[in-house]
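Novice: For reference, the structure I am asking about is given below.
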Amino acid sequence: MSQQRTPLFTGLLEHANQKPVQFHIPGHKTGKGMDEEFRKFIGDQALSIDLINISPLDDLHHPHGMIKEAQNLAAEAFGADHTFFSVQGTSGAIMAMIMSVCHPGDKIVVPRNVHKSVTSAIIFSGATPVFIHPELDENLGISHGITPEAVQKALAANPDAKGVFVINPTYFGISADLKKIVEIAHSYDVPVLVDEAHGVHIHFHEELPLSAMQAGADMAATSVHKLGGSLTQSSVLNLKSRYVTPERVQSVLSMLTTTSTSYILLASLDAARKHLAINGRTLIEDTIKLAEKTRKQINNISHLLCVGDEILGSNATYDYDPTKLIISVKQLGITGYDVEVWLRERFNIEVELSDLYNILCIVTPGDTEEEASILVHALQILSEEFAVKNKDEEPLQVEVPDIPVLALSPRDAFYADTEIVSLNHSIGRISAEFVMVYPPGIPIWLPGEIITKENIQYIHSNMDAGLPVQGPEDETLETIRVIKEHKAFR
Ligand SMILES: Cc1ncc(COP(=O)(O)O)c(C=O)c1O
């Protein structure tokens, strides 16, 4: 197989160039039936391949032709036995991984700081989570991954678990010793499922942490769209396992996937795979150099810290991805969110995310020295302005949220009788809703967890800082839906 080929993208172009008379959806028929302004903006070329699963173009639900070939090439590039394309992002691929291994009542070992798609999958499948505390970094105020020791303990206590779920690398680019985690899980005959949303590129450069497939994991949900150059919403699910069959994964993925799969997204996956396989290493090499240079410059600015390899060495910080710039701003006495807004308003810079203490900027092959120097210049001015303004203030104290106790399975809580109470009077009640700070979408509460005073305080600090706390029906968060209590009759 030649990685230079793009069977799906090329096949679509060949089909479009034949200009078939179309009596099928999409009804815009290569753009002729749509709003003129939008058509001109998107362009006739893109619209000509906005097609559907007519027989010459294969079908993502039963791939035998050009989609199958494209997936096979992707499997070769990612070191998998099978690759499945997802047009429902990594969220869709994560749900498919979990639902492929968990039946109702089955246990799955998961870190508590998972993305909401993991909790959704736990509710859909009826699985019971066995939570592992992620390692908390009290200096930065962020969670890292889980340690091999914690996985060992969780499996020793729950050898009947049907899977171990690992985030590798985390949103902030930190990796645990995935290979060791895989060895431990496999010694219990338990498959390892990896959330690789933030690590499509790591497979293509030896200086970056091991990818899920390199570490021997069974499945990985990988956001090609985030850092691998495909269009937003397009991801892959990689499989190489003696525990899970490709037939099972295909059927679960199909249950969760639209029947109107976007061929523009699918073609972008085919092209991104070629680009990564052929040019990935060189591009990532340059990206690492640019990120390292930028990190050094940021670290020369007073009151700012751009995290580097000094973070390594704990059991949960085994390796890291230097293309992620975690910039701690707490010494300036302002929040990461204040910095996000300031950078937007003063320099038209958009960061990847902010939290109470940090901003995260990602560097990819799409960046140049020019963008990097705009960021460094802006941060220099930021430091000068706020260091003077806040010179007598103490640096912000890092607060990390408590992990609540799970009283009911998330599925039971989701379907239970519920009532609405004021948030401030909900301490001790069992939440029926998700509450999370988004991004990155990590839960403060899951359905089924007991609400604590500390967690309410954490919500208030995030809201006061302007950070987006999301999830509950009541967007103001004055009230929350909790499990109804049935009091004894007198
Ligand atoms: C850690 C993590 N996992 C999974 C996802 C879901 O990825 P997607 O947006 O492709 O559905 C995200 C998205 O931000 C994420 O941060």
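The values are calculated or read from the model by the stated rules, or taken from the named source; none is laboratory data. Keep in mind it's a predicted model, so treat the numbers as computed, not measured. Don't worry about glycine lacking a Cβ; one is built from the backbone with ideal geometry, like all the others, and counts go over all protein chains shown. The accessibility values were calculated without ligands, DNA or RNA, using every heavy atom of the protein model including side chains. Shrake-Rupley method; radii C 1.70, N 1.55, O 1.52, S 1.80 Å.
Novice: Going through Ile430, Ile444 one at a time, which residue ends up being more than 16 Å from the ligand (Cβ to nearest atom), surrounded by 16 or more Cβ atoms within 10 Å (Cβ to Cβ) and free of Cβ contacts under 8 Å to residues at least 60 places away in the same chain?
Specialist: On the way: Ile444 fails: more than 16 Å from the ligand (Cβ to nearest atom).
Checking each option against the conditions leaves just Ile430.
Novice: Going by the conditions given, is Leu140 away from the ligand (no atom under 15 Å from the Cβ) and either at pLDDT 95 or above or touching an Asp or Glu at 6+ places or on another chain (Cβ under 7 Å) (or both)? Outline the logic, then answer.
Specialist: Numbers: away from the ligand (no atom under 15 Å from the Cβ): yes; either at pLDDT 95 or above or touching an Asp or Glu at 6+ places or on another chain (Cβ under 7 Å) (or both): no.
No.
Novice: A further question follows. If you take the residues of segment 202-236 that are open to solvent by less than 10 Å² (accessible area, probe 1.4 Å) and not in a loop (DSSP other than H, G, I, E, B), which of them is nearest to the ligand (Cβ to nearest atom)?
Specialist: So, considering only residues that are open to solvent by less than 10 Å² (accessible area, probe 1.4 Å) and not in a loop (DSSP other than H, G, I, E, B), the one nearest to the ligand (Cβ to nearest atom) is Ser235.
Novice: In segment 143-154, what residues are away from the ligand (no atom under 16 Å from the Cβ) and β-branched (Val, Ile, Thr)? I'd like the intermediate steps shown before the answer.
Specialist: Within segment 143-154, the first condition is being away from the ligand (no atom under 16 Å from the Cβ), and the residues that meet it are 147-154.
Within segment 143-154, Thr147, Val151 qualify.
Novice: Additional query: Looking only at segment 174-201, filter to residues that are buried (at least 24 other Cβ atoms within 10 Å of the Cβ) and small (Gly, Ala, Ser); which one of those is farthest from the ligand (Cβ to nearest atom)?
Specialist: The residue in question is Ala185.
Novice: Any chance segment 160-172 includes a residue that's closer than 30 Å to Asn279 by Cβ and either touching a Cys at 6+ places or on another chain (Cβ under 8 Å) or not in a loop (DSSP other than H, G, I, E, B) (or both)? Show your work before the answer.
Specialist: Taking segment 160-172 first, the residues closer than 30 Å to Asn279 by Cβ are 166-172.
Then keep just the ones that are either touching a Cys at 6+ places or on another chain (Cβ under 8 Å) or not in a loop (DSSP other than H, G, I, E, B) (or both); that gives 166-167.
Yes, some residue in segment 160-172 is closer than 30 Å to Asn279 by Cβ and either touching a Cys at 6+ places or on another chain (Cβ under 8 Å) or not in a loop (DSSP other than H, G, I, E, B) (or both).
Novice: Go through segment 300-320 residue by residue and tally those that are closer than 27 Å to Ile381 by Cα, open to solvent by less than 40 Å² (accessible area, probe 1.4 Å) and in contact with a strand residue (DSSP E or B) (Cβ under 8 Å, 6 or more places away or on another chain).
Specialist: Let us first name the residues in segment 300-320 that are closer than 27 Å to Ile381 by Cα, namely 300-311.
Right, trim to open to solvent by less than 40 Å² (accessible area, probe 1.4 Å) and you get 301, 304, 306-308, 311.
Pick out the ones that are also in contact with a strand residue (DSSP E or B) (Cβ under 8 Å, 6 or more places away or on another chain) and you get 304, 306-307, 311.
Of the residues in that region, 4 qualify.
Novice: Could you check segment 35-77 and list, in sequence order, the residues that are farther than 27 Å from Lys274 by Cα and open to solvent by less than 30 Å² (accessible area, probe 1.4 Å)?
Specialist: Answer for segment 35-77, where residues must be farther than 27 Å from Lys274 by Cα and open to solvent by less than 30 Å² (accessible area, probe 1.4 Å): there is none.
Novice: Among the residues of segment 103-112, is any closer than 25 Å to Val405 by Cβ, within 16 Å of the ligand (Cβ to nearest atom), open to solvent by less than 10 Å² (accessible area, probe 1.4 Å) and modelled with pLDDT of 95 or more?
Specialist: Within segment 103-112 (the criterion being closer than 25 Å to Val405 by Cβ, within 16 Å of the ligand (Cβ to nearest atom), open to solvent by less than 10 Å² (accessible area, probe 1.4 Å) and modelled with pLDDT of 95 or more), the answer is yes, since at least one residue qualifies.
Novice: Of all residues in segment 1-34 being more than 17 Å from Ala271 (Cα to Cα) and open to solvent by 100 Å² or more (accessible area, probe 1.4 Å), which is farthest from the chain's Cα centre (by Cα)?
Specialist: Among those residues, the one meeting the criterion is Val21.
Novice: Have a look at Asp35, Asp50 and point out the one that is of a type in the set (Asp, Glu) and touching a residue at least 24 places away in the same chain (Cβ under 8 Å). Break it down into steps so the answer makes sense when it comes.
Specialist: On the way: Asp35 fails: touching a residue at least 24 places away in the same chain (Cβ under 8 Å).
Of the residues listed, the single one that is of a type in the set (Asp, Glu) and touching a residue at least 24 places away in the same chain (Cβ under 8 Å) is Asp50.
Novice: Next up: Can you find even one residue in segment 123-130 that is open to solvent by 30 Å² or more (accessible area, probe 1.4 Å), within 22 Å of Leu178 (Cβ to Cβ) and within 16 Å of the ligand (Cβ to nearest atom)?
Specialist: Just the residues of segment 123-130 that are open to solvent by 30 Å² or more (accessible area, probe 1.4 Å), to begin with: 124, 128.
Within this subset, residues satisfying the condition of being within 22 Å of Leu178 (Cβ to Cβ) are none.
Within segment 123-130, not a single residue is open to solvent by 30 Å² or more (accessible area, probe 1.4 Å), within 22 Å of Leu178 (Cβ to Cβ) and within 16 Å of the ligand (Cβ to nearest atom).
Novice: Residues that are more than 16 Å from the ligand (Cβ to nearest atom), under 21 Å from Leu57 (Cβ atoms) and of a type in the set (D, E, K, R): does segment 260-272 have at least one?
Specialist: Looking through segment 260-272, at least one residue is more than 16 Å from the ligand (Cβ to nearest atom), under 21 Å from Leu57 (Cβ atoms) and of a type in the set (D, E, K, R).
Novice: Turning to a different aspect of this structure: Any idea which of (1) more than 26 Å from Ser143 (Cβ to Cβ); (2) buried (at least 19 other Cβ atoms within 10 Å of the Cβ); (3) modelled with pLDDT of 95 or more is the one His377 doesn't satisfy?
Specialist: All conditions are met except number (2).
Novice: Tell me, which residue of segment 163-173 that is in contact with a strand residue (DSSP E or B) (Cβ under 6 Å, 6 or more places away or on another chain) and open to solvent by 10 Å² or more (accessible area, probe 1.4 Å) is nearest to Thr128 (Cα to Cα)?
Specialist: Within segment 163-173, the first condition is being in contact with a strand residue (DSSP E or B) (Cβ under 6 Å, 6 or more places away or on another chain), and the residues that meet it are 163-169, 172-173.
Still in the list and also open to solvent by 10 Å² or more (accessible area, probe 1.4 Å): 167, 172.
Numbers: Ile167: 18, Phe172: 27 Å.
Among those that are in contact with a strand residue (DSSP E or B) (Cβ under 6 Å, 6 or more places away or on another chain) and open to solvent by 10 Å² or more (accessible area, probe 1.4 Å), it is Ile167.
Novice: Looking at Pro159 and the list (1) within 26 Å of Asp412 (Cα to Cα); (2) open to solvent by less than 50 Å² (accessible area, probe 1.4 Å), which single condition is not satisfied?
Specialist: (2)
Novice: Free of Cβ contacts under 8 Å to residues at least 40 places away in the same chain and under 22 Å from Ser223 (Cα atoms): which single residue out of Ala121, Ala96, Ala176, Ala156 fits that description? First the steps, then the outcome.
Specialist: Details: Ala96 fails: free of Cβ contacts under 8 Å to residues at least 40 places away in the same chain; Ala176 fails: free of Cβ contacts under 8 Å to residues at least 40 places away in the same chain; Ala156 fails: under 22 Å from Ser223 (Cα atoms).
Just a single option satisfies the conditions, and that option is Ala121.
Novice: Mind counting the residues in segment 453-464 that are touching a residue at least 40 places away in the same chain (Cβ under 8 Å) and buried (at least 19 other Cβ atoms within 10 Å of the Cβ)?
Specialist: 3
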